[in-house]
1. Among the residues of region A:1-18, write down those that are open to solvent by 50 Å² or more (accessible area, probe 1.4 Å) and free of Cβ contacts under 8 Å to residues at least 40 places away in the same chain.
2. On the basis of being open to solvent by less than 10 Å² (accessible area, probe 1.4 Å), in contact (Cβ under 8 Å) with a residue 12 or more places away in the chain and in the same structural domain as B:Met501 (by TED's automatic domain parsing), does B:Val555 make the cut?
3. So which of B:Val152, B:Val182, B:Val172 ends up being closer than 26 Å to B:Leu324 by Cα, part of a strand (DSSP E or B) and in contact with a Pro (Cβ under 7 Å, 6 or more places away or on another chain)?
4. How about region B:189-206: which of its residues are under 19 Å from the mean Cα position of the chain (by Cα) and either over 22 Å from B:Trp313 (Cα atoms) or open to solvent by 10 Å² or more (accessible area, probe 1.4 Å) (or both)?
5. So B:Ala60 clears everything in (1) crowded, with 23+ Cβ neighbours inside 10 Å; (2) modelled with pLDDT of 95 or more except one condition, right? Which one?
6. Go through (1) within 14 Å of another protein chain (Cβ to nearest Cβ); (2) surrounded by fewer than 24 Cβ atoms within 10 Å (Cβ to Cβ); (3) among the acidic types (Asp, Glu) for B:Glu718 and report which single condition fails.
7. Mind checking which pairs have a first residue in region A:136-152 that is free of Cβ contacts under 8 Å to residues at least 60 places away in the same chain and more than 10 Å from chain B (Cβ to nearest Cβ) and a second that is open to solvent by 10 Å² or more (accessible area, probe 1.4 Å) and polar (S, T, N, Q), Cβ under 6 Å, 6 or more apart or different chains?
8. Out of B:Pro707, B:Pro726, which single residue is surrounded by fewer than 24 Cβ atoms within 10 Å (Cβ to Cβ) and not small (Gly, Ala, Ser)?
Amino acid sequence: MMKALTFTLNGDQTRVEVDPGELLLDVLRRRLFLTGTKKGCGEGECGACTVLLDGQPVLACLLPAMKVQGRAVTTIEGLGHEQRLHPVQEAFLEKGAVQCGFCTPGMVLSSKSLLDGQPQPSEDEIKQALSGHLCRCTGYVQILEAVKDAAEKMTRAEGRKGHA
Amino acid sequence: MMEEYAVVGKAFRSVGGSDKVTGRAQYLDDIELPGMLHAKILRSPHAHARILKIDTSKAAALPGVKAVLSAVDCPKLPFGLDVPDARIFAETKVRYAGDEVAAVAAETPKIAREALKLIDVRYELLPALFSPQEALQEGAPLVHEDKPGNLVKSYVIERGDVDADFAACDYVFEEEFASSRVTACYLEPFGAIARWEPDNRLTIWTGIQGAFQARSEIARALGMNPSQITVKVPAIGGAFGGKIWIRNFHPIVALLAKEARRPVKFVLTRPEEFAASRPRVPAKIKIKLGMLKDGTLVCKDTAIVADNGAYSWAAPKIVLNMSLRTDCLYRFKSVRTRSYLAYTNTTPTSGFRGYGNAQSHFAQESMIDVCARKAGLDPVEVRLKNAVRQGDLTLHGWKVRSCGLTECIEKARAAIARGRKPQADPNGTVKRGIGLACMNHVSGNRAGNNFDGSSSMVRFQEDGKLVLYHGESDMGQGARTVLAQIAAETLGIRPEDVLVMPIDTDVSPFCFGSYSSRVTTVAGKAAYLASLQVREQLLKLAATLLEAAPEDLDVREGRIFVRGGERKGISVADVCKSAIRTRATVGLTAYVAYDPPTEGANEDFYGDYSSAYTYAAQAVEVEVNTETGQIRVLRVAAAHDVGRAINPNGIRGQIYGGVAQGAGWALYENMVYEGGRLQNNSLRNYTMVTATDMPEVEPIIVETQDPVGPYGAKGIGEPALIPMPPAVANAVEDAVGVRIRDLPITAEKIYFSLNPECEGPAS
């Protein structure tokens, strides 16, 4: 028996028929064709499938899709596009934080969530926020640099807005 | 002073980066084809067993199942590399827990999984071999009946008179080192999609490092001609050597698609990645080293026993690297190496960043410290005294055209000495130490007399954009970025105006692939030479338009002008417009096949086989908790001779990533088997470095301007991993006086070494 799932996806009201036991990751990738959310392990260990649920990072490979009923999900596709990147995406490019890119969508979303709640995180706070994300390419250094850079730029932009 | 360039050496955003940060990059599993089926593979649960019966009838009858295959349905053509012993499916027996027994293609992955459970396989267990030492013993059971003694390959390589030289040494030391089984563990699981086309042609999508080698290997397994097959390479989510060669699933997915008459996708699950991918070749390496009182390294005698696993892939070549390369790091007078590679009933081993060179560096670079300490010498001074230098011809015939090894050692030593933490905390529990290790590697590696080059095609479009076709995969290391920079620099255009095309073997120029840290050096050189030819065509046509002599013209930032009279000029785009689909009939296209100026090694493995050897020294500071044995790598100073930095951001990325993988191997990564079955087949219990354990890293770029590489560049893909395990081992001894000779250097090993009165684990 398929069930109707209604939720806000990247700002849009979305309705999709799903199997009751279906995981959010499969619904996003297979039914809604949002393949930016990646499957690295399927066991909640690598963090590549991270999406934001009401602004907080969750692992889409473990979460039954029906759990997002009536809630708001943000995937990497909802964050920015080529002409208007989110400052975190901008910073990842600027600092060379992207190699193979497979962990990138999850890393970017967790970073965004961190900066939304804590605009000026310490290095340890950034590391903690990203400790559930495995990256096999970068050794994390440029990713941490990117998050710091994005934090500074977002804080400065916020300051300018305040004076306007 | 080195020449300044407009694009080379400048920070530049990675090609394809914006697709990756926005989630648009298309990896294999993101591709959906109409009517596509999903495949699953049934694997052996046993390390060694005779197959008595395979009954697939129930699986075939399950609704939604469209194809079921086992060995009886497939060509029985051997495939593989030096020792082709692989078959598509296990035929009469299974040789490791993970061996392919049967496969299913079904409408959904779930149905395919259900179908696997319905396949009835009866086995008769056979005695299994789990180590090469057991396998090489007389009377050991055979993994392959036609491979007597379980020997895959052996090498004896000797230069000079080792025995006479030992007799003349002041000191002779002997030690044995062992390296563990580790896996590349790229984040994107490996897989393939197959679709049959009209004319009996086959298209395979797969995120592989060497598309053309994949094409010929798949053709060999299927009994086809390579030109009947198209290999297309989507975005690759990391590879590190683990995706150089095809796996059994490549021919399997092709045959399933043929049987089902529909496209079929197969992606490894993470547990399959662990159990059935190709780990690094583990080896026991015994070194006898002779030296003089003043620290001169004279001679070395090495014995290697390495584990090939159940089928042979790149392990023979990897053991050859293990047997040679470190001999060329210092100016040894004589060396001898005897190596044995044996079959076992374990997962077949193959390539992973370092390709054998990492294992032998752990042994040799640990050994240098052990010997120097015993002789009362400073290990770093011993390295400086013996380091190879530019202009050397090494004892294996390498021509050292550029070499910054001594500069790397000096810079890494100085950097780690700055800001050192106290050697012990006041309470005495925590101790700290520093250690250094060197490495040499290659930028391309000619096997015998084979081609070792790369090809490139560049072509201007009518709007002035340049299209660059190549065949070397970008698995994240930044191949496309470096190629775009080289083409842009050579043609005087902006890198943003270079479109680096994806790989498709019907269209891409012939290449070998991304391994041996070769792409910047050989593919970069091919792109450089092709760009140079097109530049000539461009300037010739521009000269006509500007009524000037071509030799008086220059091109910068997309504008061609008369040298000295900068105001008279024309844009590259305008020249392209007047060349393409006009009566000028200028192609503005060039195809260059480049082969580097090396002769390759002869039958005795003597000869120059890479046009650019790379050198590095990495120094680390570690902290050891003497109560628990816990080790933390605090800082790393990584000095690398890269010839010339084309993309400094990319080089830093390679250094950080290599350090992370090397530190993980040094401290925790280890595949643990019990009765031939992998116990830690999950990211939960196979421990890798996370953001919180990453040490502070200072990358130090040393530029030696290689005479052959494009703009002087050499490779940096593998080097940063290689010196990490010995550097950590050396630092641990410096901190607590304990020498660990087998990887990984776990807290447990430290604890029991520090507390010899406690009974250690019964291993």
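1. Residues satisfying the conditions are A:Met1, A:Met2, A:Asp12, A:Gln13, A:Arg15, A:Glu17.
2. For B:Val555, the condition - open to solvent by less than 10 Å² (accessible area, probe 1.4 Å), in contact (Cβ under 8 Å) with a residue 12 or more places away in the chain and in the same structural domain as B:Met501 (by TED's automatic domain parsing) - is met.
3. After ruling out the rest, the residue left standing is B:Val152.
4. B:Pro189
5. For B:Ala60, the exception is condition (1).
6. All conditions are met except number (2).
7. Hits for this filter: A:Ala151/A:Gln120.
8. After ruling out the rest, the residue left standing is B:Pro707.
The values are calculated or read from the model by the stated rules, or taken from the named source; none is laboratory data. Model, not experiment: these values are computed from the prediction. All Cβ positions, even for glycine, are placed from backbone atoms using ideal geometry, and neighbour counts span all protein chains on display. Heads up: the accessible areas ignore ligands, DNA and RNA and are worked out on the full protein's heavy atoms, side chains in. Shrake-Rupley method; radii C 1.70, N 1.55, O 1.52, S 1.80 Å.
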